[in-house]
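Please read the structure below before turning to the comments.
The values are calculated or read from the model by the stated rules, or taken from the named source; none is laboratory data. The model shown is predicted, which means the values in this text are computed figures rather than measured ones. In this analysis, Cβ positions are derived from the backbone assuming ideal geometry, glycine residues included, and neighbour counts consider all displayed protein chains. Heavy atoms of the whole protein, side chains included, go into the accessibility calculation; ligands, DNA and RNA do not. Shrake-Rupley method; radii C 1.70, N 1.55, O 1.52, S 1.80 Å.
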Amino acid sequence: MQILIYSYNYHPEPIGIAPLMTELAEGLVKRGHQVRVITGMPNYPQRQIYEEYQGKWYVTEEKNGVTIQRSYLRIKSKPNLFDRLLLELSFVITSLPQAFKGKRPDVILLTVPPLLVSLPTTLISWLFNCPVVLNVQDILPEAAVRVGLIKNKLIIRVFEAVEKFAYRTANTISVIADGFMDNLVNKGVPANKIACIPNWVNLNFIRPLPKQNNTWRTAHQLDDKFVVLYSGNIALTQGLETVVEAAARLHHIKEIAFVIAGESKALENLQKYCLACGADNVLLLPLQPREQLPKMLAAADVGLIVQKHNVISFNMPSKIPLLLASGHPIVGSVPATGTAAKAIRQSGGGIVVEPESAEALATAVLQLYTNPALTAQLGKQGRKFAVENYSFEQALERYEQLFFDAIAKRAATLDMLPELSSTGE
């Protein structure tokens, strides 16, 4: 197959959807497919174009057999809503010419967000006569509305119209959690148009490793600590203040250390909050290089998933498979009816507590600190679940089959058109 992946994020960005789309593209190449990726200039999570890509409109690269076509983005380090809209529009406009610089695709995989990219991919699909598989990583605009990012009713209605357009024009929709499927069906999307393929983890890269002689623990003076780790994006949906408050409640237990690794600008505000709360047991670190991820996860005794109370069925943290695969338990400070809570409970590898409750989070951490047997049991169950449900090989096979099915379905639909036209004459 000639596969075109339209993804705003891609390698070398270290977190979020970028590593996943990179692994998927390279995995498809290894299975004999031709893969072309249309993406923006790398900028995440710093929200600044990486130095080697600055001042360029277009860059074409090849990495591990994948052709990568990058285009200019209009980006601001501290974006307001208007800046975010211009960012999406800049990618829509500048990426479109790239789509025509390559062989005709048999299928297009589009990842959203950003939502507006559904507009050019629909045009490309029509011109090239190929199906679009829409990969939904977050449900927009619902996520932005729930966390208060979008409040203007007119803008909300416009984005809702774009959302409906994206669902209607896509030939197939892949979602990453059952809760997403329920959300889309409730919006009128036919269930037979949706496939649930969870985000995966490289089980050889992320695996249980001994804490002893862990150079990452030693480098950060954590050798004698019970480490509670949060690593990744720090956004409006999380509310990391809850973690800081929980740490403050446990600061009298010197063996417990909280570690938060995230983007530097977000850490500045957390540093002020730590001082205000007296949380002197919190270590704030910048996002770690991807090659350090296995050692960092192995250094943790507990991994955290944190969401605000209004994050229900439109967000699924990609950290969950990673933490489960590392063989350490999860404490999820997440809504009880949300997709994250369901995933943690199904895995048997963690504890779900009330979101935005520092007391509940501190109690769960203390429970695991004082019960090593429970901690080990949850970690073992989590790893087993990850092996059975989140392997990259499983996801790769399912995406490949999804592409074949989408192509066959579209071909069958086109074959029917002359017959339908003649009947109506």
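From the residues Leu116, Leu20, Ile139, which one has its Cα farthest along the dipole of the chain in the positive direction, the dipole being from +1 and -1 charges on Cβ of Lys/Arg and Asp/Glu about the Cα centre? After comparing all options, I get Leu116.
Report the FRET efficiency, 1/(1 + (r/R0)^6), for Asn152 and His251, where r is their Cβ-Cβ distance and R0 is 35 Å, rounded to 0.05. After rounding to 0.05, the efficiency reads 0.25.
For region 8-151, the solvent-accessible area of protein heavy atoms averages 42 Å² per residue (probe radius 1.4 Å; ligands and nucleic acids excluded).
Taking all protein chains into account, the per residue accessible area for region 238-346 stands at 36 Å² (1.4 Å probe). Computed from backbone phi, the HN-Hα couplings of region 50-57 come to 4, 3, 6, 10, 5, x, 10, 8 Hz, rounded to whole numbers (Karplus: 6.51 cos²θ - 1.76 cosθ + 1.60, θ = phi - 60°; Gly and Pro given as x). Bridgeable lysines around Lys295 (alpha carbons under 21 Å apart, same-chain partners fewer than 8 residues away excluded): Lys211, Lys225, Lys319, Lys380, Lys384. Computed over neighbours whose Cβ is under 9 Å from that of Gly349, the net charge equals +3, Lys and Arg +1, Asp and Glu -1. The residue list Gln381, Thr339, Pro210 was ranked by how far each Cα lies along the charge dipole of the chain toward its positive end, using unit charges on Cβ atoms, and Thr339 comes out on top.
Summarising the amide proton neighbourhood of Ala195: residues at separation of 5 or more, or on other chains, whose placed amide H is nearer than 5 Å comprise Ile173, Ser174, Val175.
Among the lysines, select those whose C-alpha is under 16 Å from the C-alpha of Lys164, and discard any that sit fewer than 8 residues away in the same chain. Candidates past the 8-residue exclusion: Lys187, Lys193. Here the dipole of the chain is about 340 debye; that uses its Cα centre as origin and unit charges on the Cβ of Lys and Arg (positive) and Asp and Glu (negative). Of the heavy-atom accessible surface of the chain (probe 1.4 angstrom), what whole percent is carbon and sulfur? On the chain, the fraction of accessible area on carbon and sulfur atoms equals 55 percent. Reported to the nearest whole Å, the Cα centre-to-centre distance from region 341-362 to region 194-228 is 19. Taking the average, over residues, of other Cβ atoms within 10 Å as the packing measure, peptides 352-363, 23-34 rank 352-363, 23-34 from highest down. Each stretch of four or more DSSP H residues adds -39500 (n - 2.57); spread over every residue of the chain, this sum gives -14000 deg cm²/dmol at 222 nm. The packing ranking, built from the mean of other Cβ atoms within 10 Å per residue, places the peptides 279-286, 342-349 in the order 342-349, 279-286, highest first.
Considering the zone a paramagnetic label at Gln401 would reach in this model (a point 7 Å from Cα along the Cα-to-Cβ line), which residues of region 152-179 have amide N under 18 Å from it? Of the residues in region 152-179, 172-178 have backbone N under 18 Å from the label point off Gln401.
Once the Cα atoms of helix 17-30 and of the chain are each reduced to a long axis, what angle between those two axes, in degrees from 0 to 90 to the nearest 10, is obtained? Result, in degrees: 60. For region 315-334, the residues whose amide N sits under 13 Å from a probe point set 7 Å from the Cα of Gln367 along the beta carbon direction are 330-334.
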